1. Looking at this structure, is ARG130 among the basic types (Lys, Arg) and either within 13 Å of the ligand (Cβ to nearest atom) or part of a helix (DSSP H, G or I) (or both)?
2. Given the criteria under 20 Å from LEU126 (Cβ atoms), touching a residue at least 12 places away in the same chain (Cβ under 8 Å) and over 17 Å from the mean Cα position of the chain (by Cα), does ASP50 qualify?
3. Tell me whether segment 80-89 contains one or more residues that are buried (at least 16 other Cβ atoms within 10 Å of the Cβ), within 22 Å of ALA133 (Cβ to Cβ) and either within 16 Å of the ligand (Cβ to nearest atom) or of a type in the set (Phe, Trp, Tyr) (or both).
4. Select from segment 91-112 the residues that are more than 13 Å from the ligand (Cβ to nearest atom), within 21 Å of ARG151 (Cβ to Cβ) and either modelled with pLDDT under 95 or not hydroxyl-bearing (Ser, Thr, Tyr) (or both) and list them in ascending order.
5. So which of ALA249, ALA270 is buried (at least 17 other Cβ atoms within 10 Å of the Cβ), assigned to a helix (DSSP H, G or I) and in contact with a strand residue (DSSP E or B) (Cβ under 6 Å, 6 or more places away or on another chain)?
6. Can we say ASP11 is within 14 Å of the ligand (Cβ to nearest atom), at pLDDT below 95, surrounded by fewer than 21 Cβ atoms within 10 Å (Cβ to Cβ) and over 26 Å from THR155 (Cα atoms)?
7. If we keep just the residues of segment 152-211 that are more than 16 Å from the ligand (Cβ to nearest atom) and among the aliphatic types (A, V, I, L, M), which is modelled with the highest pLDDT?
8. Against the definition (at pLDDT 95 or above, outside any helix (DSSP H, G or I), within 30 Å of ALA263 (Cα to Cα) and of a type in the set (S, T, N, Q)), how does ASN135 come out, yes or no?
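The values are calculated or read from the model by the stated rules, or taken from the named source; none is laboratory data. Quick caveat, the model's predicted, so the values are computed rather than measured. Note that we place each Cβ from the backbone using ideal geometry, even for glycine, and neighbour counts take in every protein chain shown.
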Amino acid sequence: MCLASGMDVGDLEPVERTALLTEYARALDASAARPILADPLARSTVDEIDFPFSDLGVTPSVRTLVALRARMLDQRVRDFVTVNPCAVVVDLGAGLNSMVFRVDPPATVDWFSVDLPRVIQLRNALLPQRENARNLSASVIEDDWAATLPRDRSTAIVADGLFAFLTESAIVGLFRGLTTNFPSGMLVFNDYGRVGRLNRITGRLAMRGTNSPHQHWNFAGFKDARHPETWNPRLHLNEEVSAMFEPEAAAFPMGLRLASRVAKRFPPIARKARVLRYRF
Ligand SMILES: C[S@@+](CC[C@H](N)C(=O)[O-])C[C@H]1O[C@@H](n2cnc3c(N)ncnc32)[C@H](O)[C@@H]1O
């Protein structure tokens, strides 16, 4: 019997490889007895890739949090395009995420998934095409990354799992540029609060020699959700929510369920799994 071989991803740079972890977590969720996100495209995409996914160390807690934050981000983008049916959506560091298929916006919405060139090649090869959805090969830390995007419509900027891998100065530059590149809209992303230097070093050491994205964590983060307003006063915080307090917490795996209980008294834990939303 001949087995079809999967897509080779051996030439991905380490930071590009982080896209495999989140997609794998969503694929595991899709196969779980009680899925949170239930995204069948994540499963079929992972099935087409030749990679030792089990080396990524995706625990039940990681699977749960990745699926839940995707669901929280989806809901906010869905609400945005419902109120703004002629909106533009820009998914920064989109990886292989099939958010556009889950949100399923009206045909009047233009959707751009932005990532580094090799990841965009993979996206083009593995994900189905969709009218009004385009994949854009660009590095979001370059000044002109948004040069070809529409600038005259309300815009939802979403980022799932990107900012941890950028430096603070790159994030500040990106946040400042958003309000000159786009006239008005929303910025929504997942966030981990302040991640101390010691935490980052320990994470790197613990994961040395593995494929874990902790190796490439760059951003120390911030505690106060209003902090990005000091980078760009045109950003206004609208919402700070934690996955730890979502209704799904009742069915979290045991360790995570315990963390969600502790998070009620200890805000730094709640911040580790937060979603932040700003308007501009
Ligand atoms: C953890 S993955 C998350 C991918 C996707 N959002 C998801 O939820 O699966 C981080 C992604 O950010 C992308 N990325 C990192 N630096 C980038 C940059 N400067 N410009 C664009 N994308 C970048 C990586 O290639 C990777 O796909």
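1. Taking the combined requirement at face value, the residue does not satisfy it.
2. Judged against the criteria, ASP50 is a match.
3. yes
4. Result: PRO105, PRO106, ALA107, VAL109, ASP110, TRP111.
5. ALA270
6. yes
7. Step by step, filter segment 152-211, then rank; the result is MET186.
8. No; evaluated as a whole, the condition is false for this residue.
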